[in-house]
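Asker: After the structure tokens below, expect a handful of questions from me.
The values are calculated or read from the model by the stated rules, or taken from the named source; none is laboratory data. Predicted model only: the values in this text are computed from it and were never measured. In this analysis, Cβ positions are derived from the backbone assuming ideal geometry, glycine residues included, and neighbour counts consider all displayed protein chains.
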Amino acid sequence: MDDSLSIVFTHRLNQACRERQLVLESRGISSQIIATEYGFALVVDSRDQNQAQIELMSYVDENIINAPQPTANEPVPLDFLPALLGYAWVLITVSIVAGFSLFAADWYVQGRIDAGQIYNGQWWRLVTALSLHANGQHLLSNMGFGLFFLYYISRYLGYGLASMAMLVSGICGNAINVYMHGSTHYSIGASTAVFGILGVLCAYVWKQRYFSQATWSKRLGPIFGGIVLLAFTGTSGENTDIGAHLWGFVSGLIIGWVCAQFNETIPRHKKVQSVYAITTLGLVVSCWLIAILSES
């Protein structure tokens, strides 16, 4: 390199040097870009070195100041593990005790969605049916998808509130589905709650604009994504309860939207989250106790 030239900036990308060359040109300082062993270098006449460095430092400072700052509504990652462990524990435990007919009870008959019995006042079936599964494949499918969606929403809402949102969306989805089918409907499975928590996640992320872009289609991306996933995974199979999936998803959308509306008041403290989690687990256990004792 000519001794009359001085390096004022180096980078592995030519584009980075080009951006700074334009800055110097706007200040009336001539420069050129040369290739080096490690990338590219921006060089100026040695007499302009000090002024060029001042201008480049000013350019960097301005970009730092004017760079987009994190908004107040960006997600703050919260603890998720208790929600995942609790969800898996409930599904596995109920599957085991139901399989062994513990307490000499037919857990499937006493806990499934039986619309006629629900109309007669056995409301707890809206809860108990969510933890029953027809076979291992049914169980693993709902556990896998449920853990996946629950992980993400727990990072936003916290493990306790996320668990409660999942249960409530499942209950509401089952209730609406029973109403739509009438008194001769039967069903089991956590899929109503799984699609419920998917709805919560979609609505919450959309309302909080975590992934907002310029075009309206991209802003609605989370909602469209949830609908596509519902269409591909929730409407196929001989024994698929499409209504339960749909109403669970719709219920989740409403709950997610409400959570986003009150995002600033969502409790972040673990003690409060634990109250939500214990309340959720307590409701499931209580409903099963009622179901078993009511038939004994």
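Asker: Hey, among Ile242, Ile255, which residue is out of contact with any helix residue (DSSP H, G or I) (no Cβ under 9 Å at 6 or more places or on another chain), under 22 Å from Ser191 (Cβ atoms) and modelled with pLDDT of 80 or more?
Answerer: So the residue among Ile242, Ile255 that is out of contact with any helix residue (DSSP H, G or I) (no Cβ under 9 Å at 6 or more places or on another chain), under 22 Å from Ser191 (Cβ atoms) and modelled with pLDDT of 80 or more is Ile242.
Asker: While we're here: Specify the residue that is farthest from Gly196 (Cα to Cα); the eligible residues are those in the stretch 142-181 that are without any contact (Cβ under 8 Å) to a residue 12 or more places away in the chain and under 20 Å from the mean Cα position of the chain (by Cα). Show your work before the answer.
Answerer: Residues of the stretch 142-181 that are without any contact (Cβ under 8 Å) to a residue 12 or more places away in the chain, as a first pass: 144, 148, 179.
Next, from what is left, pick out any that are under 20 Å from the mean Cα position of the chain (by Cα): 144, 148.
On the way: Gly144: 15, Phe148: 13 Å.
Within the stretch 142-181, the match that is farthest from Gly196 (Cα to Cα) is Gly144.
Asker: Restricting the search to the stretch 242-272, which residues are of a type outside the set (Gly, Ala, Ser) and closer than 14 Å to Arg155 by Cα? It would help to see each step written out before you state the result.
Answerer: Just the residues of the stretch 242-272 that are of a type outside the set (Gly, Ala, Ser), to begin with: 242, 245-247, 249-250, 253-255, 257-259, 261-272.
Those that are of a type outside the set (Gly, Ala, Ser) and closer than 14 Å to Arg155 by Cα: Cys259, Asn263, Ile266, Pro267, Arg268, His269, Lys270.
Asker: Considering the stretch 31-43 alone, what residues qualify as being out of contact with any Ser or Thr (no Cβ under 7 Å at 6 or more places or on another chain) and closer than 18 Å to Ser58 by Cβ?
Answerer: Within the stretch 31-43, Ser31 is the sole residue that qualifies.
Asker: Sticking with this structure for a sec: Select, from Ala52, Ala35, the only residue that is under 48 Å from the mean Cα position of the chain (by Cα) and either surrounded by fewer than 19 Cβ atoms within 10 Å (Cβ to Cβ) or not hydrophobic (A, V, I, L, M, F, W, C) (or both).
Answerer: None of the other options fit; the residue is Ala35.
Asker: Follow-up. Applying the selection to the stretch 241-271, what residues are touching a residue at least 60 places away in the same chain (Cβ under 8 Å) and small (Gly, Ala, Ser)?
Answerer: Within the stretch 241-271, Gly243, Ala244, Gly248, Ser251, Gly252, Gly256 meet the criteria.
Asker: Still on this model: Do we find a residue being under 26 Å from Gly256 (Cα atoms), modelled with pLDDT of 95 or more and assigned to a helix (DSSP H, G or I) anywhere in the stretch 103-118?
Answerer: no
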